[in-house]
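To start, the structure itself, in structure tokens.
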Amino acid sequence: MTPEELLAGISQTVELASPNMTDGYHTQVDYGRQLINKGDFQQAVNYLNNLKEQLWYKQDNILKYRLLANLGMAQSGLDEISEAAKCFLEALQYNPQDDKALALAAMGYVFQRDYNKAEDLIKQAIQKNPANELAYSLRIKIALASESIDSIIEQIPVAYRESLHVLVALGEASDKINQDEEAQKWWELALREDNSSNLNTVKVALGVSLMKGVIRNFPLAFAGQLSELEKQSLDRAVKLFTEVLGGKYLNPNNLSHLEFAALINRAGALRLLGKYDDAIRDIEIALQKEPNNPDCIKQRALLEHERGNDELEGV
């Protein structure tokens, strides 16, 4: 789970729709937004691209802004970070005085690693709206390269330190410098604020972080010598991955990048818990999607070995 994927995930919670926009064209854009909120990112991209072709030369700048901004969010949901950045930056020209538009454009520059331009837009967004949570989260992202977590927190007004975007960004910052327990704390707090599919990227990141703490005790972890606390961490990770996957029948052809990550990591957590049959089930689904994935092939063979079967055909 890269920082860009985490940041893309939180962008999807930014509300762009205005209650004053009730005409038919904006209602059509609102439908695209609904698809994004449901996690149907590919359908949203297809729909919004088609809508853009139909409406682009017919309507006002705000409609163009909303088309581009929502298209960027849908693309970020598919981890198409480069394309999302282009949409966010293009959208700004059609709504240049709006603090949300400024923050999204700043995120576009963060995706492109142009931090000087991002910082300039972050300042503008906060000047226009001191309650812009996305802008504060982006500031955390940029400051991490040269400052400590504590000094970064001090830059955030007290009233916004527990906002959703800031909590996610603090978790990312802590994870990046291998402060696993701190990262887990921030992300758990974020999930208390919003446990919906909007934060599926956070759920996967938190699950991976919980697993990392256990794997550090290798080889004891892989020998089944787990403490009760480690078992609880792995159970929590499995639950998080399952929430992302939806607890339903998994069609390997329809798995998103994020769901695929949740699936193979759930297999790893189940393997550490000694639940080999369940772990093999997940890996076999993953192999149907990516039959030549070396990590999946290796994990499948290791599962058979640990289960006492070294004669798995084809491995």
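The values are calculated or read from the model by the stated rules, or taken from the named source; none is laboratory data. Only a predicted model underlies this, so the values are computations on that prediction, with no experimental measurement involved. Heads up, the Cβs are rebuilt from the backbone with ideal geometry, glycines too, and the neighbour counts pull from every protein chain shown. These area figures cover heavy atoms from the full protein model, side chains too; ligands, DNA and RNA do not enter into them. Shrake-Rupley method; radii C 1.70, N 1.55, O 1.52, S 1.80 Å.
Per the 1.4 Å probe, what fraction of the accessible area of the chain, in percent, lies on carbon and sulfur atoms?
C and S fraction of accessible area: 47 percent.
Ordering Tyr31, Tyr160, Tyr136 from largest to smallest accessible area (1.4 angstrom probe), what's the sequence?
Tyr31, Tyr160, Tyr136
With labels modelled as points extended 7 Å from the Cα through the Cβ direction, what inter-label distance (nm, one decimal) is found for Lys123 paired with Asn49?
3.8 nm
Provide the gained length on full extension for the span Tyr249 to Glu188, in nm with one decimal, where the gain is 0.36 nm per separating residue minus the Cα-Cα distance.
Numbers: separation 61, 0.36 × 61 = 21.96 nm, distance 2.70 nm.
Working it through step by step, the gained length comes to 19.3 nm.
Below 12 angstrom from the Cβ of Val238, what's the summed charge of the other residues (Lys, Arg +1; Asp, Glu -1)?
Once positives and negatives cancel, what remains is +3.
Counting each pair of different Cα atoms once, what's the Kirkwood radius of the range 157-282 in Å, rounded to one decimal?
One over the average 1/r among Cα pairs gives 15.1 Å for the range 157-282.
Keeping every protein chain in place, order Lys231, Lys176 by accessible area at 1.4 Å, biggest value first, i.e. largest first.
Numbers: Lys231 75, Lys176 120 Å².
Descending accessible area places them as Lys176, Lys231.
How much mean residue ellipticity at 222 nm does the chain get from its helices, if each DSSP H run of length 4 or more adds -39500 (n - 2.57) and you divide by all residues, to the nearest 500 deg cm²/dmol?
Calculated mean residue ellipticity at 222 nm is -22000 deg cm²/dmol.
Compute, for Asp99, the solvent-accessible surface of its heavy atoms (probe 1.4 Å) with the complete set of protein chains present, and express it in square angstrom to the nearest 10.
Ignoring ligands and nucleic acids, Asp99 comes out at about 20 Å².
Roughly how many Å is it from the Cα centre of the range 16-89 to that of the range 232-302, as a whole number?
When both Cα centres are located, 32 Å separates them.
Taking the mean number of other Cβ atoms within 10 Å as a proxy for protection, how do you rank 273-279, 201-207, 109-115 from highest to lowest? Please list the in-between numbers first.
Numbers: 273-279: 16.3, 201-207: 26.4, 109-115: 18.3.
Taking the mean over residues of other Cβ atoms within 10 Å, the ranking is 201-207, 109-115, 273-279.
Taking K and R as +1 and D and E as -1, what net charge do the other residues with C-beta under 15 Å from the C-beta of Pro96 add up to?
+1
Out of these labelled values of Cα extents along the principal axes in Å, (i) 66, 35, 28; (ii) 66, 46, 30; (iii) 65, 36, 33, which was calculated from the coordinates shown here?
Working out Cα extents along the principal axes in Å from the coordinates points to (ii).
Leaving out ligands and nucleic acids, note down the accessible area per residue over the chain with a 1.4 angstrom probe, in whole Å².
On the way: 15010 Å² over 315 residues.
For the chain, the solvent-accessible area averages 48 Å² per residue.
Using a cut-off of 23 Å between alpha-carbon atoms, which lysines can reach Lys141, once sequence neighbours fewer than 8 places away in the same chain are excluded?
Partners found: Lys86, Lys100, Lys117, Lys123, Lys128, Lys176, Lys185, Lys203, Lys212.
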